[in-house]
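Working notes, structure below.
None of the figures in this text is laboratory data; all of them are computed from the coordinates on show. Bear in mind the structure is a predicted one, so any value in this text is a computation, not a measurement. With ideal geometry, Cβ positions are generated from the backbone for all residues, glycine too; neighbour counts draw on all protein chains shown.
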């Protein structure tokens, strides 16, 4: 059963409101947690960076989905931007390879750049954007494997764990985004 365009738009608007509310909740959680535990200790700078990441990600989703009606395309955008957001967040918080201060983690910005540049080069056309997400998935695997092979990850089993966990979490997200864009085509 196909959803009418009107009901699809209502669903999308409800999901947008949920998304912005969820972003606000994510930003408020550390503030509340700091009142109850010393384990959470965010500075003003931490809140500013997270606010910029959340707000910027939300703005990109809004702009990228403004003129399209396909829910597959819109969800493809949400998954791609969400994956990029999580990749930046993980690298800022704890680091994908080693700790957050390891410069090797900058390789993962290249993964995001590949996705963004590919989507721009495709001029937002779903098939081209899908291909860009597939390439980003491959770059995700390559970056993790390179970090492990070059000894940039944590030593021993911990490094293998970091790369395996990160690769098995992020690569399927890029692939899901690619599939959603392909369905939109």
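Summary of computed values
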read-out: Residue order, fewest to most surrounding Cβ atoms within 10 angstrom, among 49, 77, 32; value: 32, 49, 77
read-out: Principal semi-axes in Å for segment 63-129 [√(5λ), Cα gyration tensor, largest first]; value: 28, 13, 7
read-out: Relative contact order [Cα under 8 Å, 6+ residues apart], segment 20-95, whole percent; value: 24
read-out: Kirkwood hydrodynamic radius of segment 22-120, from inverse mean 1/r over distinct Cα pairs, in Å; value: 15.1
read-out: Cβ-based exposure ranking for 171, 69, in which fewest neighbours within 10 Å come first; value: 69, 171
read-out: Reference-scaled alpha-carbon Rg (2.2 N^0.38 Å with N residues) for the chain; value: 1.11
read-out: Simple spin-label estimate for residue 34 and residue 94 in nanometres, 7 Å along Cα-Cβ; value: 2.1
read-out: Relative contact order, percent, segment 5-184 [alpha-carbon distance under 8 Å, six or more residues apart]; value: 23
read-out: 222 nm mean residue ellipticity, helices alone, for the chain (DSSP H n ≥ 4; -39,500 (n - 2.57); rounded to 500); value: -27500 deg cm²/dmol
read-out: Residue order, fewest to most beta carbons within 10 Å, for 133, 17, 50; value: 17, 50, 133
read-out: Relative intensity, log₁₀ I(q)/I(0), of segment 126-185 from a Debye sum that treats every alpha carbon as a point, q = 0.12, 0.14, 0.16, 0.26 Å⁻¹; value: -0.34, -0.43, -0.52, -0.91
